[in-house]
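Chemist: Quick one: structure below, then a few questions.
The values are calculated or read from the model by the stated rules, or taken from the named source; none is laboratory data. In this text the structure is predicted, and so the values were computed from the model without any measurement. We place every Cβ from the backbone using ideal geometry, glycine too, and count neighbours over all the protein chains shown.
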Amino acid sequence: MMFNLDDPHQFCEVYDDEVLICRWTMDRLERQDGPVWIMNHFFINPSANHKQVLSEQLNVVQTIAQQSHLLVWPLDPLVIDYFKEHPQFDKIWYHKPAGQFD
């Protein structure tokens, strides 16, 4: 999957045949302390393997964050829970609640 890091709107849809498996977006937003990616709602088809889809797609998000040198501010509870459970995302987590998940 290719992404244009210069585009302030990242958009991803994954299909299996013609069935939507997942959809998510991120928008680059200027904050007082610099630009960040705001990760919006993450949809996963109820019939999909949630763990596999999250793992694959959040690895893509991690790659975008690393290549763009920007942090990710997840707003979706599903993504927040995934970040909590996988410490490797601490390095890209913007506004991680301090001390709650350590």
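Chemist: Does region 62-102 hold any residues that are of a type in the set (A, V, I, L, M, F, W, C) and assigned to a loop (DSSP other than H, G, I, E, B), and which are they?
Modeler: Initially, region 62-102 is screened for residues of a type in the set (A, V, I, L, M, F, W, C), giving 64-65, 70-73, 75, 78-80, 83, 89, 92-93, 98, 101.
Selection gives 70, 71, 75, 98, 101.
Chemist: Let me spell it out: the conditions are (1) surrounded by 15 or more Cβ atoms within 10 Å (Cβ to Cβ); (2) assigned to a strand (DSSP E or B), and residue 13 meets all of them except one. Which number is the exception?
Modeler: (1)
Chemist: Among the residues of region 82-102 satisfying the criterion of being touching a Leu at 6+ places or on another chain (Cβ under 9 Å) and within 19 Å of residue 41 (Cβ to Cβ), which is modelled with the lowest pLDDT?
Modeler: The selected residue is 95.
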